[in-house]
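This report concerns only the one structure given below.
The values are calculated or read from the model by the stated rules, or taken from the named source; none is laboratory data. Since the structure is predicted, the reported quantities are computational estimates derived from the model, not experimental observations. Because the Cβ atoms are built from the backbone with ideal geometry, glycine has one as well, and the counts that use them run over all protein chains shown.
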Amino acid sequence: MKKPNRLKIGDTLAIVTPSWGGPACFAEVFNLGIKNLESLGFKVIIMPSACLDAQTIYHNPKLRADDIHQALQDPNIAGVISAIGGTDSARVLPYLDPEIFLENPKFFMGFSDATTITTFINQLGIVSFNGPSIMAGFSQLKTHSVEYQTYLSDFIFSNPCALKLPAFDYYSDGYPEWSEPKNLGLLKPLKVNSGPHFIQGNGVGSGQLFGGCIEVLEMLKGTQFWPNSDFWHNKILFLETSEDKPSIDYIQFWLRNYGVMGVFDKLSGLIFGRARDYSDEEKQQLDKVILQVIAIEFGQGDLPIVTNMSFGHTDPQIILSLGINYQIDTQNQSITQLESSFNETYFNREL
């Protein structure tokens with residue numbers, strides 16, 4: 001896998017809007033996210049179409065692709081972060097030029113509907129990042145614990161070769177209404193995090209990480225942008241649900257689709273993000289359905305499976321590196337990133 005150069009204090013990051021035109025709808029939320037990103041030591045460039053009105057962005061997927069291309073080709077820009085998710089970034093994919101990505105393997109991070117872009121990059125053999133967006137993550141950064149803020153900074157600036165994925169002692173299911181100025185930068189009420197649930201498996205499972213928002217991945221199945229059958233060998237798949245709160249039945253249907261494709265026969269492990277807005281009872285039922293599909297229906301009773309992870313549509317949100325090797329240790333109940341996400345040769349030269 002091609003790795004992007006490590007980010008440094010003083011680097012310039014570009015902000016793109018590959019999906020919903022949220023920055024124009026909630027400018028204060030967007031601007032606070034920019035301010036918090038700058039507080040980490042970055043300079044920020046907002047790409048031309050990022051703050052256009054939502055209808056203009058909706059009707060012009062090529063403009064969104066052009067912004068990404070421009071950011072990648074600009075030698076003064078070190079990386080790209082998505083402003084917000086949405087529902088239609090799949091329409092951007094036909095306009096993306098693979099050669100531009102291959103010639104400029106830069107840091108690209110987003111989640112939710114940005115899963116389409118991180119998948120596109122991954123399938124080119126380039127590391128991409130599932131993590132906070134400007135409006136959903138960075139805008140709320142200062143409300144989070146010092147522990148999380150330190151984690152985020154450490155990941156971006158000093159991602160080590162061996163990194164145990166953290167489990168914070170709290171979580172929040174999203175944000176209070178953005179239309180209310182008093183809610184700027186806030187989280188919904190905090191809840192106690194029971195930590196990762198190691199619900200199946202023995203020993204250790206290792207492999208390159210791949211995945212994203214489960215609903216968005218459904219939009220890619222059957223298209224030229226979906227991984228081929230051989231891709232799934234020795235992968236660790238990560239999945240998470242959005243604020244749309246898909247029913248457990250639908251998740252069961254989607255998992256069966258992976259099973260019929262033979263994916264579970266080839267994986268080294270499966271990790272699930274905390275299901276957004278699910279009750280404790282619904283989370284328990286979801287765990288049962290996951291086991292029913294994978295262990296009983298498709299006979300993979302030894303596959304390491306972990307649920308209730310702090311990634312995706314939850315806060316605080318850890319960063320996952322697509323294309324990087326991870327390890328699930330079921331005995332010690334830990335998940336570890338086994339290598340740096342960044343080009344260490346470049347970083348050492350810069351030092």
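For the stretch 1-28, filtering for residues that are of a type outside the set (S, T, N, Q) and over 20 Å from the mean Cα position of the chain (by Cα) leaves 9.
Restricting to the stretch 36-54, count the residues that are within 25 Å of Asn343 (Cα to Cα) and in a helix (DSSP H, G or I). Adding up the residues that qualify gives 3. Of the residues Thr314, Thr307, Thr330, which single one is within 29 Å of Lys245 (Cβ to Cβ), of a type outside the set (Asp, Glu) and touching a His at 6+ places or on another chain (Cβ under 7 Å)? That would be Thr307, the only listed residue that is within 29 Å of Lys245 (Cβ to Cβ), of a type outside the set (Asp, Glu) and touching a His at 6+ places or on another chain (Cβ under 7 Å). For the stretch 318-334, a tally of residues being in a strand (DSSP E or B) and surrounded by fewer than 22 Cβ atoms within 10 Å (Cβ to Cβ) returns 4.
In the stretch 187-211, which residues are buried (at least 17 other Cβ atoms within 10 Å of the Cβ), within 23 Å of Ile319 (Cβ to Cβ) and of a type in the set (A, V, I, L, M, F, W, C)? Show your work before the answer.
So in the stretch 187-211, the residues buried (at least 17 other Cβ atoms within 10 Å of the Cβ) come out as 187, 193, 196-201, 205, 207-211.
Pick out the ones that are also within 23 Å of Ile319 (Cβ to Cβ) and you get 187, 193, 196-198, 205, 207-211.
Those that are buried (at least 17 other Cβ atoms within 10 Å of the Cβ), within 23 Å of Ile319 (Cβ to Cβ) and of a type in the set (A, V, I, L, M, F, W, C): Leu187, Phe198, Leu209, Phe210.
Can you tell me how many residues within the stretch 128-166 are part of a loop (DSSP other than H, G, I, E, B) and at pLDDT 95 or above?
Going through the stretch 128-166, the residues part of a loop (DSSP other than H, G, I, E, B) turn out to be 131-132, 134-136, 138-140, 144-145, 159-162, 165-166.
Remaining after also requiring at pLDDT 95 or above: 131-132, 134-136, 138-140, 144-145, 165-166.
Qualifying residue count for the region: 12.
Does Val29 qualify as being part of a strand (DSSP E or B) and assigned by the TED database to the domain that holds Ile121? The answer is no for Val29. Cys161 meets each of the listed conditions (1) within 16 Å of Pro18 (Cβ to Cβ); (2) touching a residue at least 40 places away in the same chain (Cβ under 8 Å); (3) out of contact with any strand residue (DSSP E or B) (no Cβ under 6 Å at 6 or more places or on another chain); (4) not β-branched (Val, Ile, Thr) apart from (1).
Let me confirm something: among Ile81, Ile57, Ile68, Ile121, which residue is of a type in the set (A, V, I, L, M) and not in a helix (DSSP H, G or I)?
Working: Ile57 fails: not in a helix (DSSP H, G or I); Ile68 fails: not in a helix (DSSP H, G or I); Ile121 fails: not in a helix (DSSP H, G or I).
None of the other options fit; the residue is Ile81.
Name the residues in the stretch 1-35 that are touching a helix residue (DSSP H, G or I) at 6+ places or on another chain (Cβ under 9 Å) and of a type in the set (Ser, Thr, Tyr), would you? Within the stretch 1-35, Thr17, Ser19 qualify.
So which residues in the stretch 60-119 are among the charged types (D, E, K, R) and under 19 Å from Leu37 (Cβ atoms)?
Filtering the stretch 60-119 down to residues among the charged types (D, E, K, R) leaves 62, 64, 66-67, 74, 88, 91, 97, 99, 103, 106, 113.
Within the stretch 60-119, Asp67, Asp74, Lys106 meet the criteria.
I'd like the full set of residues that are assigned to a helix (DSSP H, G or I) and of a type in the set (S, T, N, Q), limited to the stretch 217-236.
First, the residues of the stretch 217-236 that are assigned to a helix (DSSP H, G or I): 217-220, 229-232.
Ser229, the sole residue that qualifies.
Residue check: is Leu303 part of a loop (DSSP other than H, G, I, E, B), hydrophobic (A, V, I, L, M, F, W, C) and at pLDDT 95 or above? It is true that Leu303 is part of a loop (DSSP other than H, G, I, E, B), hydrophobic (A, V, I, L, M, F, W, C) and at pLDDT 95 or above. Exactly one residue out of Asn76, Asn60, Asn122 is modelled with pLDDT of 95 or more and surrounded by 20 or more Cβ atoms within 10 Å (Cβ to Cβ): that is Asn122.
Tell me which residues, restricted to the stretch 14-58, are in contact with a strand residue (DSSP E or B) (Cβ under 7 Å, 6 or more places away or on another chain) and without any contact (Cβ under 8 Å) to a residue 24 or more places away in the chain.
Of the stretch 14-58, the ones in contact with a strand residue (DSSP E or B) (Cβ under 7 Å, 6 or more places away or on another chain) are 14-16, 18, 34, 37-38, 42-47, 50.
Correct list: Glu38 only.
Okay, residues lined up against (1) outside the structural domain of Ile290 (by the TED database); (2) touching a strand residue (DSSP E or B) at 6+ places or on another chain (Cβ under 9 Å); (3) surrounded by fewer than 20 Cβ atoms within 10 Å (Cβ to Cβ); (4) not aliphatic (A, V, I, L, M):
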site: Ile134; (1), (2), (3), (4): yes, yes, no, no
site: Gln140; (1), (2), (3), (4): yes, yes, no, yes
site: Leu184; (1), (2), (3), (4): no, no, yes, no
site: Thr223; (1), (2), (3), (4): no, no, yes, yes
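The residues of the stretch 142-165 that are surrounded by 15 or more Cβ atoms within 10 Å (Cβ to Cβ) and farther than 15 Å from Pro132 by Cα, listed by number, are Phe157, Asn159, Leu163, Leu165.
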